[in-house]
Amino acid sequence: MRKTSPLVALFMGLFYSVSASVTDSLPLQNLGETEVHIGASITENLSNQVVSISEEAWVGKNFTAIDILSSYGGIQGHKQGGIGSFQSISIRGASSRGVKIFIDGVPLEDAGGGAVNLGSIDLNLVERIDVYKGYVPAFLGGNGIGGAIHFISKKRVNTGGQFSLSYGSHGLQEAAVSFTIPLISKTRFASSLAYRYSDNDYEFLNRNGTEYDTDDDFLVKRKNAWYLQFSGNHTFYHTHENGGFSTLSFRHEKEKGGNPGKESNQTEVAGFNRDLGQVFYSYEPIPYKNLQFTMSLSGQIEKSVSHSYYPLDKIGFPNTYYMEYGAIRYFVQPKISVELPADSSRSWAASLYLASSAERLEDRDNNEWISDYPWHLEQYAVEGASNIQWFLSRIISLELENAVKVFYNENSGGQWSLPVRNDSLISGSNQDFLGSGRLAAHFGNLKSPWRASLSLGRYFREPELMEQYGVYRNVLPNPDLKEETGWMGEISLSWKSASEKTKILSTYFETHQKNGIIWVTNNSFSKPFNISKAITRGVELSLESKPTSFFKTRLDATIQKALDDSSDPLYQGKKLPEEPTTTYHAEAAWLLPYHLEWSVQAGYRSTLYKDRANRQRIPAQSIYHTYLTWNPFKKTKFVLSVQNITDTEYQSIYSSYPLPGRTFSFTFIQQIGINKDENNQ
């Protein structure tokens, strides 16, 4: 007998009772504007479950995006090294490939077909991160098994600027500058530039290739792990004579570094280069009959190339060639969104999103041996999403969201390289029509200390081009892959004190996934299959409190059970890889005399496993950080950061990518000009 989830049963019961009891529309109240602050600069909007994190959370603290995101409930971070290394997240049990990543509304994809590397995003160019756990809002496409992470670039409103300098352990160097200046009438220009570098030559325990024999272990420094990045974002803002508003921006990134290899096989030559350019234009005319239109066009080019030399690096092909291999991605997306806000004449609000896109992947193999075998992959897609919210009474609203996507993939054919020979990739194409939807109910009014919401949604993830038509070395294609599907649900309850100095949020969530794509490796070959099925159930708890004018604190906890639900008896009922049962995060800050602020953070993660069979066990970890900030003048700030105070050992016998231990950094920040409207920054 098929069992019904308790979350589904509760949702259906509440929805039925609400629908049956409400017969007339009472005076309208928009429940989508309430903010519950969880943390120094976090907002939780129970109408659409978004957590907004401002730059105050990372400025001067030597944090990466993963460090910030994984400190919040339901989010797990995964690292493979120091600054600039590959980093990804999972949300409520959904894998990193199921989490959509955006910068200023433009989707990011990896040119090589993997998960987006969050380690390549420099937070010095970011003013806010919006996190959508368990769903993707309509204006970002309305579909995503794991939710979405939306990075908002710095967009200063008033004339002025800021620059910062940082120096830290392992040769860490960072510099950033941002400013806004007026140009001609009704036109402003904002620009941000950032630079960061690290040797990443931290010490780690080399087990000499014998994981279980500790007698031959020795300490050694990480080699060939250096990282360099230069990035920027430049934007023109113009107000037209007819009241419309235009934005034109250009974003660029250039990064390169060494590929240090695995623990006992450090490399000498191997490395990578990545270049990205993005152009974005949007136009917002004045509202027409209460309809707000936004039209935009974005284009993106990303090139990623890796290189290695087998005689020195001992990775890749066993030959004497200097190997360069990679891909270049071209992407263009026009889109339009329409919003109809609620007003006194109706008890509902709606929004519509329409977009089309074209994507092309080509080989970038700059050596005589590989470049004889070119290939290219293409995808054309049309997608749309809608959101409508009904305000049934002063304390109840319902929300319905839908998304559809039609896509056509084409593979040109060609050849790819194997260790002993080259093989042919048969040309072909495929197309599909996919859909998703979410229903939510919200309870409470703006003045009530209690608010609640519940939602249930079904989502999909179509296979990536590289998953269907793998053309990299030792990767076998699988054009018969099906889309991953799943549904996610949650019940949230929040409370705030009369003074709003203390706020609590609790959420029960479930994530069900099937047809999950997993890469299966046999000898030196890898091929993707739809073989994963998983269920994750858990609870998130968040507390923010500022009981006095000189003290504030934030506490986050996640308790979950993330289990494999596949039919294979070897994996059925086992814990999902890299998904701990419990995680805790606590931070506190004290305002001290002489313009000093001292803050501490503590994080705990329970035991987890690296493999589906749960044989590679990673022990529990506790990590502590501290920061001392001094504001000697109104516009000047110094920050001293100490991360991993106890020098906790990150490495386990199953980890091939050791992480740094205790690190230090010192940051100087200087404001330029006067910003009167700080709320708009």
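The values are calculated or read from the model by the stated rules, or taken from the named source; none is laboratory data. Computed from a prediction, not measured in an experiment: that's the story for all the values here. Here Cβ is always computed from backbone atoms with ideal geometry, including for glycine, and neighbour counts include all displayed protein chains. Heads up: the accessible areas ignore ligands, DNA and RNA and are worked out on the full protein's heavy atoms, side chains in. Shrake-Rupley method; radii C 1.70, N 1.55, O 1.52, S 1.80 Å.
Out of (1) more than 18 Å from residue 56 (Cα to Cα); (2) in a strand (DSSP E or B), what's the single condition that is false for residue 546?
(1)
With the checklist (1) at pLDDT 90 or above; (2) part of a loop (DSSP other than H, G, I, E, B) in hand, flag the one item residue 177 doesn't pass.
Tallying (1) at pLDDT 90 or above; (2) part of a loop (DSSP other than H, G, I, E, B), residue 177 fails exactly one: (2).
Looking at 279, 305, which is the one that is of a type in the set (Val, Ile, Thr) and over 18 Å from residue 120 (Cβ atoms)?
Selected residue: 279, the only one of 279, 305 that is of a type in the set (Val, Ile, Thr) and over 18 Å from residue 120 (Cβ atoms).
What's the total number of residues in region 110-123 that are over 16 Å from residue 227 (Cα atoms) and modelled with pLDDT of 80 or more? Write out each step before concluding.
The initial filter retains those residues of region 110-123 that are over 16 Å from residue 227 (Cα atoms), namely 110-116.
Then keep just the ones that are modelled with pLDDT of 80 or more; that gives 116.
Qualifying residue count for the region: 1.
Determine whether region 195-204 contains at least one residue that is assigned to a strand (DSSP E or B), at pLDDT 95 or above and not hydroxyl-bearing (Ser, Thr, Tyr).
yes
Show the residue pairs that are 6+ apart or on different chains and have beta-carbon atoms under 6 Å apart, the first residue being within region 68-82 and at positive phi, the second being assigned to a loop (DSSP other than H, G, I, E, B) and surrounded by 22 or more Cβ atoms within 10 Å (Cβ to Cβ).
Filtered contacts from region 68-82: 74/92.
Whether any residue in region 445-467 is modelled with pLDDT under 80, acidic (Asp, Glu) and either in a strand (DSSP E or B) or open to solvent by less than 20 Å² (accessible area, probe 1.4 Å) (or both) is what I want to check.
No, region 445-467 contains no residue that is modelled with pLDDT under 80, acidic (Asp, Glu) and either in a strand (DSSP E or B) or open to solvent by less than 20 Å² (accessible area, probe 1.4 Å) (or both).
Considering each residue of region 203-246, count those that are surrounded by fewer than 18 Cβ atoms within 10 Å (Cβ to Cβ), closer than 26 Å to residue 121 by Cα and not aromatic (Phe, Trp, Tyr), and give that number.
6
Among residues belonging to region 468-490 that are at pLDDT 90 or above and touching a Ser or Thr at 6+ places or on another chain (Cβ under 7 Å), point out the one that is farthest from residue 329 (Cα to Cα).
Only one residue fits best here, namely 490.
Rundown of residues vs (1) farther than 20 Å from residue 266 by Cβ; (2) basic (Lys, Arg); (3) touching a strand residue (DSSP E or B) at 6+ places or on another chain (Cβ under 6 Å), yes/no style:
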site: 184; (1), (2), (3): yes, no, no
site: 187; (1), (2), (3): yes, no, yes
site: 190; (1), (2), (3): yes, no, yes
site: 226; (1), (2), (3): no, no, yes
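Of all residues in region 248-259, which are without any contact (Cβ under 8 Å) to a residue 60 or more places away in the chain, open to solvent by less than 50 Å² (accessible area, probe 1.4 Å) and closer than 30 Å to residue 217 by Cβ?
Our first condition is that a residue be without any contact (Cβ under 8 Å) to a residue 60 or more places away in the chain; within region 248-259, this holds for 248, 250, 252, 254, 256, 258-259.
From what's left, open to solvent by less than 50 Å² (accessible area, probe 1.4 Å): 252, 258.
Once the filter is applied, which keeps residues that are without any contact (Cβ under 8 Å) to a residue 60 or more places away in the chain, open to solvent by less than 50 Å² (accessible area, probe 1.4 Å) and closer than 30 Å to residue 217 by Cβ, region 248-259 yields only 258.
When the residues of region 573-597 are narrowed to those that are assigned to a loop (DSSP other than H, G, I, E, B) and more than 25 Å from the chain's Cα centre (by Cα), which ends up surrounded by the most Cβ atoms within 10 Å (Cβ to Cβ)? Quick ask: steps written out before the conclusion?
We begin by selecting, within region 573-597, every residue assigned to a loop (DSSP other than H, G, I, E, B); these are 573-574, 576-581, 593-595.
When the remaining residues are screened for being more than 25 Å from the chain's Cα centre (by Cα), the result is 573-574, 593-595.
Details: 573: 10, 574: 19, 593: 6, 594: 7, 595: 14.
Among those residues, the one meeting the criterion is 574.
Those residues that are among the aromatic types (Phe, Trp, Tyr) and crowded, with 18+ Cβ neighbours inside 10 Å, I need them from region 316-347; list them, please. Full working, then the answer.
From region 316-347, those among the aromatic types (Phe, Trp, Tyr) are 317, 321-322, 325, 330-331; that's our starting set.
317, 325, 331, listed by residue number.
Pull up region 260-314, narrow it to residues that are open to solvent by 20 Å² or more (accessible area, probe 1.4 Å) and of a type in the set (A, V, I, L, M), then point me to the one that is farthest from residue 234 (Cα to Cα).
The extreme case among them is 312.
Which residue is modelled with the lowest pLDDT, if the candidates are limited to region 363-382 and must be open to solvent by 40 Å² or more (accessible area, probe 1.4 Å) and part of a strand (DSSP E or B)? Reasoning before the result, please.
Step one: of region 363-382, the residues open to solvent by 40 Å² or more (accessible area, probe 1.4 Å) are 364, 366, 368-369, 371-374, 376, 380, 382.
Then drop every residue that is not part of a strand (DSSP E or B), which leaves 376, 380, 382.
On the way: 376: 83, 380: 95, 382: 96.
Across region 363-382, the extreme among qualifying residues is 376.
From the list 51, 59, which residue is modelled with pLDDT of 85 or more, assigned to a strand (DSSP E or B), among the β-branched types (Val, Ile, Thr) and crowded, with 18+ Cβ neighbours inside 10 Å? Full working, then the answer.
Working: 59 fails: assigned to a strand (DSSP E or B).
None of the others qualify; the one that does is 51.
Which residues, counting only those in region 86-104, are open to solvent by 20 Å² or more (accessible area, probe 1.4 Å) and farther than 21 Å from residue 575 by Cβ? Before the answer, list the steps.
Just the residues of region 86-104 that are open to solvent by 20 Å² or more (accessible area, probe 1.4 Å), to begin with: 86, 95-97, 100, 104.
Within region 86-104, 86, 100, 104 qualify.
Condition first: in a loop (DSSP other than H, G, I, E, B) and under 21 Å from residue 446 (Cβ atoms). Now tell me which residues in region 478-498 satisfy that. Explain how you work it out, then say what you get.
Within region 478-498, the first condition is being in a loop (DSSP other than H, G, I, E, B), and the residues that meet it are 478-483, 497-498.
Across region 478-498, the qualifying residues are 497, 498.
Does region 478-490 hold any residues that are in contact with a helix residue (DSSP H, G or I) (Cβ under 8 Å, 6 or more places away or on another chain) and surrounded by fewer than 21 Cβ atoms within 10 Å (Cβ to Cβ), and which are they?
478, 479, 481
Would region 68-78 turn up any residue that is in a loop (DSSP other than H, G, I, E, B) and over 16 Å from residue 585 (Cβ atoms)?
The initial filter retains those residues of region 68-78 that are in a loop (DSSP other than H, G, I, E, B), namely 70-74.
Next cut, over 16 Å from residue 585 (Cβ atoms) only: none.
Scanning region 68-78, I find no residue that is in a loop (DSSP other than H, G, I, E, B) and over 16 Å from residue 585 (Cβ atoms), so the answer is no.
Among the residues of region 622-670, how many are of a type in the set (S, T, N, Q), at pLDDT below 90 and crowded, with 16+ Cβ neighbours inside 10 Å? Explain how you work it out, then say what you get.
Narrowing region 622-670 to residues of a type in the set (S, T, N, Q): 622, 626, 629, 631, 636, 641, 643-644, 646, 648, 651-652, 655-656, 663, 665, 667, 670.
With the extra rule that they be at pLDDT below 90, the set shrinks to 648, 651-652, 655-656.
Adding the requirement that they be crowded, with 16+ Cβ neighbours inside 10 Å leaves 651, 655.
Final tally of qualifying residues: 2.
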